[in-house]
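The values are calculated or read from the model by the stated rules, or taken from the named source; none is laboratory data. In this text the structure is predicted, and so the values were computed from the model without any measurement. Ideal geometry is used to build each Cβ from the backbone, glycine not excepted, and the neighbour counts take in all protein chains shown. SASA here: full protein model, heavy atoms, side chains in, ligands and nucleic acids out. Shrake-Rupley method; radii C 1.70, N 1.55, O 1.52, S 1.80 Å.
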Amino acid sequence: MADRVTVIGWDGSPLTAAARSALGAATLVAGAAHHLALPEVPPSAERIRLGSVALAARRIAGHRGTAVVLADGDPGFFGVVRTLRAPEFGLEVEVVPAVSSVAAAFARAGMPWDDAEVVVAHRRTLRRAVNVCRAHTKVAVLTSPGAGPAELGLLLEGVHRTFVICEELGTEREQVTVVTSDKAPDHTWRDPNVVIVIGGPAGAAESGGWLAGRDPGAGPRGWTQPGETYDGPLGEGETDLLRAAQLARLGPRVGDLVWDIGCGSGAFAVEAARAGAAVIAVDRKLDACARTDAAARRFGVQAQIIQGSAPHVLDNLPEPDVVRVGGGGAAVVSAVADRRPQRIVTHAATRDAAELIGRDLTEHGYDVECALLQSVELDTRAWTETERSVAFLLSAALPERTV
């Protein structure tokens, strides 16, 4: 087993004395090609081109001598340290940190980044990274081959963002380019790169906060807000308690894409976006789209709003994780189920309509639950009834999918 493993972060600046000392004593050095070409790497040391960190860790664990792993930026921030410290390798790890690629990218852009979300985009996580870019006004994306600026731009179709693309930070080939998201697919970008994604109708906070990234305490408390918050009457499927139950069953979260079909006042779309999810709100009525846009701006959240009639308008939308069907009935619910989101919620006014929808969802392979929700609002001055609403709440989940 290796006597010691030192992980050295490299940001393009001269190595520290501690890093040079560890590297000079190394009998095995692992890193990318540009790391292994550094003059400080001992000529006699075994060299491993770093691809799979787990494979390199196994070779290091079987090596008799002193090992060094070189990594770009801070190796403890979305880096190799996590893998090397896995119990199955039994390695004792020391770390010499450097400036993270994210910090360097924002420094090159001259922007603060305590209010930014930071995500890693691999082929398997690209869609979720894109959803974060849809939902938030400032995001740093640590990219990888096949999940870079071009792919981000393609998947953000219909959502305008500005990309600050920082290629090969810390090297002589370093380059910073500013393009709109729709132009990013027109270029070939060099790896490694970091993409700062900024924009959206709601601006990022101007003053510093107390928590890095998105402040979960921003805005009023409560999953749902009173109907009068949304400037006008709400539809029969938008009562406060029904929305709260729908949110509870869907559980929208950061990295999800939510469809809100028949968005009406925009109440549900806004509340799903406040949970950190990306939202596409659809309605056939122009005034509903305008109300949803106004509500999103008022609450400072992002929502892509599309006017059109379901189910036809759904054909070209990106794949959802969870869906609320607020209008359109059984035909729209069936079309949504064809797209296989993890969860679907809808409501029905009658038992017959609820049974029809429930049977269709079951035939699509979903586990279906139905509850009859009745809510009664009371005037607490006289404790008299002011309004009553009744709805069948249907929720469906795919049992075979896990997150």
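Over segment 10-148, what is the relative contact order in percent, taking alpha-carbon pairs closer than 8 angstrom and at least six residues apart?
Taking the mean separation of contacting Cα pairs over the length of segment 10-148, I get 20 percent.
What accessible surface, in Å², does a 1.4 Å probe find on TRP113, ignoring ligands, DNA and RNA and rounding to the nearest 10?
Its heavy atoms expose roughly 90 Å² to the probe.
Give me the one-decimal nm value for the distance between modelled label points at ARG339 and LEU154, 7 Å along each residue's Cα-to-Cβ direction.
2.0 nm
Positive end of the dipole of segment 104-256, charges at C-beta (+1 Lys, Arg; -1 Asp, Glu), about the Cα centre: which of PRO226, LEU142, ALA116 has its Cα farthest in that direction?
Positive-end residue among those listed: LEU142.
About the Cα centre of segment 81-219, how large is the charge dipole given +1 on each Lys and Arg Cβ and -1 on each Asp and Glu Cβ? Please answer in debye to the nearest 20.
Numbers: 14 positive and 17 negative charges, 82 e Å.
That gives segment 81-219 a dipole magnitude of about 400 debye.
Working with all protein chains in place, sort LEU169, LEU398 by solvent-accessible area computed with a 1.4 Å probe, largest first. Working shown, then result.
On the way: LEU169 30, LEU398 10 Å².
Listed by decreasing accessible area, they come as LEU169, LEU398.
With +1 on each Lys and Arg Cβ and -1 on each Asp and Glu Cβ, and nothing else charged, work out how big the dipole of the chain is about its Cα centre, in Debye to the nearest 20.
Numbers: 40 positive and 49 negative charges, 187 e Å.
With Lys and Arg at +1 and Asp and Glu at -1, about 900 debye.
If you take every residue apart from ALA19 with its C-beta less than 12 Å away from the C-beta of ALA19, what net charge results, scoring Lys and Arg +1 and Asp and Glu -1?
Net charge around ALA19: -2.
At 1.4 Å probe size, put GLU92, GLU40, GLU385, GLU238 in order of accessible surface, largest to smallest. Intermediate values should be presented prior to the final figure.
Working: GLU92 145, GLU40 70, GLU385 95, GLU238 15 Å².
From most accessible down to least: GLU92, GLU385, GLU40, GLU238.
Given the protein chains as shown and a 1.4 Å probe, how many square angstrom of PHE299 are accessible, to the nearest 10?
About 40 Å², rounded to the nearest 10.
What does the helix-only formula give at 222 nm for the chain: each DSSP H stretch with n ≥ 4 adding -39500 (n - 2.57), the total divided by the residues, and the result rounded to the nearest 500 deg cm²/dmol?
On the way: 12 runs with 107 residues, N = 403.
Per the formula, -7500 deg cm²/dmol.
Keeping every protein chain in place, order CYS263, CYS370 by accessible area at 1.4 Å, biggest value first, i.e. largest first. Please list the in-between numbers first.
On the way: CYS263 0, CYS370 75 Å².
The ranking, largest first, comes out as CYS370, CYS263.
Ignoring ligands and nucleic acids, what accessible area does THR239 show with a 1.4 Å probe (Å², nearest 10)?
Number for this one is 30 Å².
Working from Cα positions, state the angle (0 to 90°, nearest 10) between the long axis of helix 286-299 and the longest principal axis of the chain.
50 degrees
Around VAL99, what is the net charge, scoring Lys/Arg as +1 and Asp/Glu as -1 over all other residues with Cβ under 9 Å from its Cβ? Could the numbers behind the result be given before it?
Working: positive: none; negative: ASP11, ASP74.
That works out to -2.
Mind telling me which of GLY232, GLY262, GLY12 comes out most flexible in a GNM of the chain, alpha-carbon contacts under 10 Å?
GLY232
Could you check how much of the accessible area of the chain is carbon and sulfur, as a whole percent, using a 1.4 Å probe? Kindly include the intermediate steps, with their values, before the conclusion.
Details: 10090 of 19610 Å².
In the chain, the share of accessible area belonging to carbon and sulfur is 51 percent.
Grab the beta carbon distance between ALA25 and ALA107, set R0 = 30 Å, and tell me the FRET efficiency rounded to 0.05. Let's see the in-between values first.
On the way: r = 32 Å, r/R0 = 1.07.
Once rounded, the FRET efficiency stands at 0.40.
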